[in-house]
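So the structure is just underneath, and the comments pick up after that.
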Amino acid sequence: MSFGPADPTKNDVIARAVAQLAAEYNARFRETITWPRIVGREAEFPVVDARGEAADVRRLWDLLIAQGDYAEKYDTGNPNLLVTLAGEEYTYALEVGLGTIEVNTMPCRDLFAVERIMEDAVSRLVRAALTFGWRVLGYGIQPVSAPSLPLMSPKQRYQSLYRAMGREWLWYTVTAADQVQVDVARHEMVDMLNFGNLMAPVLIALCANSPVYGGTLSPFCSGREGEMALIHANEARHGMPAAPYASIEEYVLRNSRSQYLILQSDGEVVPSSQHFVEYLAEHGADLDAFLYHEHYIWNSARLRVAYGTIELRPACQQPWSEQMAAAALGLGLIEAADTIMPYVQDALGDSYWERMRTYHRQVIGRGLAAPEPAPGFVTEVVRRAEEGLRARGYGEERLLSPVWQRLQRRANPAQRMRGVFQSEGLPGLLARAAIRPAATTPASS
């Protein structure tokens, strides 16, 4: 491990800090996990007014509190700002944008439990929004409101991130992802991290759903990924990393070479312009500081020490009638990683990572119309993911039905929504994306 010849003493300090951080990071994950793996979902939903512009979801808090028993949590840097309602099975959380609300489920044994919890949470959310004549969308981005500082939640850390990143940060005020968390064990962390990032193009090809934003049709199927890929692009901070990781030590080192955007100092969150390796040179190994830094690196897959999971991030929020598609696909991919990874390497050869990075760029724009890296590639990956779900023994593979339909039509939700927008305009898009009370019925099991 080398950091340059200028200051051997400083290099030694950094090298020791990286090694210590890697050991502490490893120790936070369980040696073994139960199988089938535990799963959870983090789902972000745009909330819009009658014109399709971003609503202020803070006005929903009192209505949601009246519907359930929640613990209220306030922003540490802004103690008057209510940011989370935490229930027994799920939480509502204020997102970066005031027009977006996040629903997080508890860890669940199976996807049907996740589905039931999400049905309950979103049903309550939709009813509360209707009080103001607002709509909750199964869509991946604010369709009308542009990224802006007035739309940003007034959390102290968000304000500091804006000072550190400028307008790039504001894209987070409009996007809405559908993320799945899956248990991983210590011995498989690196392999699962690499695999999760490698599967980002497959998830985007099948689950992109953000082609229209700012009230106009974009060149992207996934506006989320297309615009956010430009954020600190020289650091490969968003989307697929430039290359796979060989070890957790390499993971810590490579991510430490990126900018430490914000840091905690004297009880406040302040912007920073130094790279994290410089922080290590000054302070030595500090796992809490590294985790704070790592939280603002947004690759398509990332390890989450707080939960002992792999987090798959690139899917847009899905149409409500197909709301479990991204979670089912993500879980199936992880369960079938041992069979999918050798298939990818055999089909694509030694340059498999770079070929998937090329495919990644193509699917962001073209979805399932993008040329596949090998004949029948996506179909074969989904087939193996389905087998991964079937092996869990819960019947979860049936939740992949929308994914198979997308493959059959060669059209993901974004491609379908493009057609809606072109024929019916913004009113048609809003009508199709809106989650209606009749659609939020109890989940099947």
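Hey, could you check segment 380-404 for residues that are out of contact with any Leu (no Cβ under 8 Å at 6 or more places or on another chain) and either among the hydrophobic types (A, V, I, L, M, F, W, C) or not in a helix (DSSP H, G or I) (or both) and say which is nearest to residue 334 (Cα to Cα)? Out of the qualifying residues, it is 391. Counting only residues that are without any contact (Cβ under 8 Å) to a residue 24 or more places away in the chain, in contact with a strand residue (DSSP E or B) (Cβ under 9 Å, 6 or more places away or on another chain) and either of a type in the set (Asp, Glu) or closer than 27 Å to residue 314 by Cα (or both), segment 36-73 holds 1 of them. Within segment 368-390, residues that are without any contact (Cβ under 8 Å) to a residue 60 or more places away in the chain have Cβ atoms under 7 Å from residues that are assigned to a loop (DSSP other than H, G, I, E, B) and surrounded by 16 or more Cβ atoms within 10 Å (Cβ to Cβ) in these pairs: 384/336; 385/336; 387/336; 388/336, counting only partners at least 6 apart in sequence or on another chain. Listed by first and then second residue, the pairs with beta-carbon distance under 9 Å, at least 6 apart or on different chains, first residue in segment 197-213 and free of Cβ contacts under 8 Å to residues at least 60 places away in the same chain and aliphatic (A, V, I, L, M), second crowded, with 24+ Cβ neighbours inside 10 Å and part of a helix (DSSP H, G or I), form an empty list. All conditions but one from (1) under 11 Å from residue 206 (Cα atoms); (2) surrounded by 18 or more Cβ atoms within 10 Å (Cβ to Cβ) apply to residue 385; the one that does not is (1). A count restricted to segment 162-193 and to residues that are over 14 Å from residue 100 (Cβ atoms), among the hydrophobic types (A, V, I, L, M, F, W, C) and at pLDDT 95 or above stands at 8.
Residues checked against (1) under 30 Å from residue 146 (Cα atoms); (2) buried (at least 18 other Cβ atoms within 10 Å of the Cβ); (3) modelled with pLDDT of 95 or more:
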{"site": "234", "(1), (2), (3)": "yes, no, no"}
{"site": "237", "(1), (2), (3)": "yes, yes, no"}
{"site": "243", "(1), (2), (3)": "no, no, yes"}
{"site": "246", "(1), (2), (3)": "no, no, yes"}
{"site": "250", "(1), (2), (3)": "no, no, yes"}
{"site": "263", "(1), (2), (3)": "yes, yes, no"}
{"site": "269", "(1), (2), (3)": "yes, yes, no"}
{"site": "278", "(1), (2), (3)": "no, no, yes"}
{"site": "290", "(1), (2), (3)": "no, yes, yes"}
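On the given criteria, is residue 355 over 26 Å from residue 395 (Cβ atoms), part of a helix (DSSP H, G or I) and charged (D, E, K, R)? Yes, satisfied.
The values are calculated or read from the model by the stated rules, or taken from the named source; none is laboratory data. Computed from a predicted structure; not experimentally measured. Virtual Cβ from ideal backbone geometry, glycine too; neighbours counted across all protein chains shown.
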